[in-house]
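The values are calculated or read from the model by the stated rules, or taken from the named source; none is laboratory data. Because the structure is a prediction, the values reported are computed rather than measured. Glycine also receives a Cβ, built like all others from the backbone with ideal geometry; neighbour counts cover every protein chain displayed. Surface accessibility is based on the protein's heavy atoms, side chains included, excluding ligands, DNA and RNA. Shrake-Rupley method; radii C 1.70, N 1.55, O 1.52, S 1.80 Å.
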Amino acid sequence: AQSVTQLGSHVSVSEGALVLLRCNYSSSVPPYLFWYVQYPNQGLQLLLKYTTGATLVKGINGFEAEFKKSETSFHLTKPSAHMSDAAEYFCAVSDSSNTGKLIFGQGTTLQVKP
Amino acid sequence: DGGITQSPKYLFRKEGQNVTLSCEQNLNHDAMYWYRQDPGQGLRLIYYSQIVNDFQKGDIAEGYSVSREKKESFPLTVTSAQKNPTAFYLCASSVRYNQPQHFGDGTRLSIL
């Protein structure tokens, strides 16, 4: 069965510093991977997705993620944090049953300090 | 603009009462989903529907019921059998499997 592990429930960085949010997955088939962001009391917004092809995926708001099959990882990065990046981030993998179901990680709360 | 509308934004339930959360989408998506979000637990799938008049249980379906009579609508009923209904409920839709899901802004359900 698929699963997703996000390392670190809380990450704190200074404004302008590198953001690195870690995601590892397990999947018996080539995975479809997603990163979402959630601001307080709102729904989830898609940041980026990996389906096939290029392993370095660029998303919105300057975020990118690299699919590393050998490490079963899909870490999210941003070179320079902005105060507006403070939110909760979720990594998700598609269920292999072709139902469209997503398996979500527990989430990582990003704090950005001035 | 196309999107997913959830209503109400806040809902209060009395003991023994059933309540229904609305989810409407105008994205022409075939698949729709209901999730429950609790602090520190991520999102857990309650029910999903891939096509009109068909739906399947997710991981935590007990105490919940759904219907899918129209493509654009997927209401969720929280029944009195759900003993711990206080949570943030999110509805999502996707064009088909392995495509990104689009989310509504959620309904926060509390117990009076």
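Data table
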quantity: Filter result (away from every other protein chain (no Cβ under 11 Å) and either at pLDDT 95 or above or assigned to a strand (DSSP E or B) (or both)) within the stretch A:21-36; calculated: A:LEU21, A:ARG22, A:CYS23, A:ASN24, A:TYR25, A:SER26
quantity: Test: residue in the stretch B:71-89 that is more than 11 Å from chain A (Cβ to nearest Cβ), out of contact with any Cys (no Cβ under 7 Å at 6 or more places or on another chain), among the aromatic types (Phe, Trp, Tyr) and touching a residue at least 12 places away in the same chain (Cβ under 8 Å); calculated: no
quantity: Out of A:GLN38, A:GLN45, sole residue that is free of Cβ contacts under 8 Å to residues at least 40 places away in the same chain and either among the polar types (S, T, N, Q) or open to solvent by less than 10 Å² (accessible area, probe 1.4 Å) (or both); calculated: A:GLN45
quantity: Count - residues of the stretch A:57-92 that are in a loop (DSSP other than H, G, I, E, B) and away from every other protein chain (no Cβ under 14 Å); calculated: 10
quantity: Criterion violated by A:GLY62 - all others in (1) at pLDDT 95 or above; (2) at negative phi satisfied; calculated: (2)
quantity: Residues located in the stretch B:1-11, provided they are open to solvent by less than 70 Å² (accessible area, probe 1.4 Å) and within 14 Å of A:ASN41 (Cα to Cα); calculated: B:GLN6, B:SER7, B:PRO8, B:LEU11
quantity: Options A:ALA54, A:ALA17; residue that is open to solvent by 60 Å² or more (accessible area, probe 1.4 Å), out of contact with any His (no Cβ under 6 Å at 6 or more places or on another chain) and more than 14 Å from chain B (Cβ to nearest Cβ); calculated: A:ALA54
quantity: Complete set of residues in the stretch A:75-95 that are over 24 Å from B:PRO39 (Cβ atoms) and either among the hydrophobic types (A, V, I, L, M, F, W, C) or open to solvent by 50 Å² or more (accessible area, probe 1.4 Å) (or both); calculated: A:PRO79, A:SER80, A:HIS82
quantity: Which numbered condition A:SER70 fails, given (1) of a type outside the set (Val, Ile, Thr); (2) out of contact with any strand residue (DSSP E or B) (no Cβ under 9 Å at 6 or more places or on another chain); (3) closer than 20 Å to B:ASN98 by Cβ; calculated: (3)
quantity: Residue in the stretch B:28-36 that is more than 13 Å from chain A (Cβ to nearest Cβ), more than 11 Å from the chain's Cα centre (by Cα) and open to solvent by 10 Å² or more (accessible area, probe 1.4 Å) present; calculated: yes
quantity: Positions within the stretch B:101-112 being surrounded by fewer than 21 Cβ atoms within 10 Å (Cβ to Cβ), in contact with a Phe, Trp or Tyr (Cβ under 7 Å, 6 or more places away or on another chain) and assigned to a loop (DSSP other than H, G, I, E, B), in sequence order; calculated: B:LEU112
quantity: Output for the stretch A:93-114, where each listed residue is outside any strand (DSSP E or B) and under 15 Å from A:GLY8 (Cβ atoms); calculated: A:GLY105, A:GLN106, A:GLY107
quantity: Counted residues, the stretch B:12-36 - those being closer than 18 Å to A:PRO40 by Cα and at pLDDT below 95; calculated: 0
